[in-house]
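Asker: I am attaching a structure below and will ask some questions about it afterwards.
Taken together, the values in this text are just the output of simple stated rules run on the coordinates, not laboratory data. A quick note: this is a predicted structure, and the numbers were derived from the prediction, not measured. Cβ atoms come from the backbone with ideal geometry, glycine included; neighbour counts cover every protein chain shown.
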Amino acid sequence: MSGDNTRYRYLITLKLYRDADFTCGERQGCIDRFENPVTANVFTSNGSKVLSSVYLYISQTRPLIDTLKNPCLAPKSQHLEVAFYTAEIELAPVAGGYYVASQRCCRGESLSNIYDSEHEGSTYYTVIPGTESRPNNNSAYFNKDTAIIICNAMPFTLNYAAYDEDGDSLTYNLCSALTDGSNANESNSTTPPPYNSTVRYIPPYSGNNPLGGNPGIFISDKGMITCTPNLPGRYVVTVCVNEYDPVTKQFLGTHSKDILLTVYNCQTKITATFPSVLNNCTDDPALQVPITNSSVAGFTSTYYWTFGDGSDTLTNSKTMFYHQYPDTGVYKVKMVVNPGLACTDSAVGEIRNYPGLKVGFTSSGICKGDPIQFNDTSSYRYGNITSHVWDLGTTDSVVTPGIQRSLQHTFTKGDVYTISLTVQTDKECEKTVTKNIRVYEVNPYAGNDTILARGQPLEMQGSGGEFYSWSPSDGLSNPSIANPVLRYNRDIAFRLRVSNQQGCFGYATISVKYYTGPEMYIPNAFTPNGDGQNDRFRFIPVGITTYKFFRIFNRWGVEIYSSTDFRNGWDGTFKGAPAPVDTYIWILQGTDFNGQEIMKKGTVTLIR
């Protein structure tokens, strides 16, 4: 600070801390970053505000990291961050001095010693002495910024002594954390002094006893904090430093600092763990073996390995490592955590070192309905394959002996199938390889058997693939397409070959009969008795392209059947019950291939 006869210039520094691993999520009003800038306000001792709000900007940030380095305790890490906010102000010396305060709601994190801490505010202030004292005084400040791992039920010591550039006398005490004096709103507060509104401590905690413990938390005349905590959690501890003139003994002011202390449950049971049986079944025939370590241990634990081949090693890393063996075989392995310490444990296992197992297969054939052959291409450098388990991507799973290196299977539909081959060996190695194969299919269709009038053309209805071939080619406009036009006058049967670009193929047939027409051929009786002979009354159209209606009436004129589907016909029932034996009247209307309407009427006798 510097000054002249009427005004002094002050450098204001505010330090804020945050848990660098803390995130808010969706919590309203929560901040998981440093705001920049923050505001401070200047008041006289009687509460009058002077100056406008002072904006303090971040001049630097600094990470604070600590890791518990104890071989007998669970590894813990704390990652804090501190931001230094600064601003310069000029003030004329006045009686009673000034208060400089920065306030905000809310603390944001769930704390163990404060009610509803996520919505509890905070006030940080310092005092500038008045004309009756030393208005050019430099405040004491805490210049030690560290993260510290604190373990439950274990004593800790934390040096929180402050520093004063003027060499003033300093005393320390634990004091109450201050709230912001607002109604838990989310904006910065401008509450004037005096600052005596404290946070709401959860009993039995208080400003003097913010951590509990046995022995409880205590700060010495030199600023040394000691405690043996008895409950894990996150606690706000507030330290006040009181400044006195070393000559006059006059009180100059109090400066406070909130400390966020996290008490961890560091106790753990040291447990040595690695695979009890490790089969080295790698593709590579090299004899080095990857070994993993999943022990529960401390950050600085050590691990002593003996590998069963006359070699050993001591390491402090849990990272997977490779051990080079001189030959194949079965080796007894032992690992000791923290050898020579009280917190030790050991485990034994077995390494079966028979590498060089490569698994693979090929397939030939891609069409539905044709046998597809699978060939095992697996090899084993230091052992023998004893069996194969083929999973064919259906409900089928086939086991074949080691000497059988191939398998055939016929798929009943085209699809993508996931095929897995698992090989088993005489060295207890087992390995699986999986591939997707596509099976293609064609679905040949040549159309329904058809009756035509002589001279009536027919467009064929081939489908189901990409390439088509009709035989014989008699009467067809083009026998190499799906829908050639047939112009013919004699009964004929066609065979259609349908294929795709993968070479899959199949066959379908169609028969075409010719009658004199256009005409509708209709029987005069039928017998719906379920014997499969003449069970339905239906007409046979010749040269008819569309049907307007086909209706059947009883002798009283009640319609008992109506349809335009000549293939189905009447089954001799009415409203779900058998119609009586009788003579029925029918009427039929349609259009022939020349565009002429045809209507016919007649009777049919139902016989049972």
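Asker: Could you check what % of the DSSP bridge pairs in the chain are antiparallel, to the nearest 5?
Answerer: Counting only bridges with both partners in the chain, antiparallel ones make up about 95 percent.
Asker: Rank Ser311, Phe299, Gln324 by how far each Cα sits towards the positive end of the charge dipole of the range 277-353 (+1 on Lys, Arg Cβ; -1 on Asp, Glu Cβ) and give me just the farthest.
Answerer: So the residue furthest toward the plus end is Phe299.
Asker: Shifting gears a bit: Taking the Cα centre of the range 357-439 as origin, sum charge times position over the Cβ atoms of Lys and Arg (+1) and Asp and Glu (-1), and report the length of that vector in debye to the nearest 20.
Answerer: My answer is approximately 260 debye.
Asker: Enumerate the residues in the range 474-501 having an amide nitrogen under 13 Å from the point lying 7 Å beyond the Cα of Arg438 toward its Cβ.
Answerer: What the label zone holds, given the 13 Å backbone N cut-off, is 501.
Asker: Once you charge only the Cβ atoms, +1 for Lys and Arg and -1 for Asp and Glu, what is the size of the charge dipole of the chain about its Cα centre, to the nearest 20 debye?
Answerer: Values: 49 positive and 56 negative charges, 394 e Å.
Around 1900 debye, computed over the chain.
Asker: Still on this structure, please answer the following. Name the residues whose placed amide hydrogens come within less than 5 Å of the amide hydrogen of Leu64, ignoring near sequence neighbours (fewer than 5 apart) on the same chain.
Answerer: When sequence neighbours closer than 5 places are left aside, the close amide H contacts are Leu80, Glu81, Val82.
Asker: While we're looking at this one, here's another question. Which one, Thr273, Tyr141, Pro472, projects farthest toward the positive side of the charge dipole computed for the chain from Cβ point charges (K/R +1, D/E -1)?
Answerer: Pro472
Asker: If each of Val399 and Asn230 carries a label point 7 Å out from its Cα toward its Cβ, how far apart are those two points in nm?
Answerer: About 6.3 nm, to one decimal.
Asker: While we're on this one: Fewest first, what order do Asp312, Asp535 take by the number of other Cβ atoms within 10 Å?
Answerer: Asp312, Asp535
Asker: Between Gln288 and Asn173, what FRET efficiency comes out of the Förster formula 1/(1 + (r/R0)^6) with R0 = 60 Å and r the beta carbon distance, rounded to 0.05? Mind dumping the intermediate values first?
Answerer: On the way: r = 63 Å, r/R0 = 1.05.
So the FRET efficiency works out to roughly 0.45.
Asker: With Cβ to Cβ distances under 15 Å as the rule, what net charge do the other residues near Tyr417 carry (K, R +1; D, E -1)? Mind showing how you got there, number by number?
Answerer: On the way: positive: Lys368, Lys413, Lys435, Arg438; negative: Asp370, Asp391, Asp396, Asp415, Glu441.
After counting each charged neighbour, the total is -1.
Asker: Another question, then. Taking amide H positions as placed 1.01 Å from N in the peptide plane, with prolines and chain starts having none, which residues 5 or more places from Tyr163, or on another chain, fall under 5 Å of its amide H?
Answerer: Those lying under 5 Å, H to H, from Tyr163 are Tyr141, Phe142, Asn143.
Asker: Related question: Can you tell me the Rg and the Dmax, both Å, for the Cα atoms in the range 241-332?
Answerer: Both quantities, over Cα of the range 241-332: 27.2, 86 Å.
Asker: Follow-up question, since we're still on this one. Please arrange Ser169, Ser189 by counting, for each residue, the other beta carbons lying within 10 Å of its beta carbon, fewest first.
Answerer: Ser169, Ser189
Asker: Right, here's the next one. Take Val398, Val239 and order them by how many other Cβ atoms sit within 10 Å, fewest up front.
Answerer: So the ranking, lowest neighbour count to highest, is Val398, Val239.
Asker: Of Lys513/Lys600; Lys358/Lys435; Lys15/Lys69; Lys332/Lys427; Lys69/Lys222; Lys358/Lys413, which ones are farther than 25 Å apart at the Cα?
Answerer: Correct reply: Lys15/Lys69; Lys69/Lys222; Lys358/Lys413.
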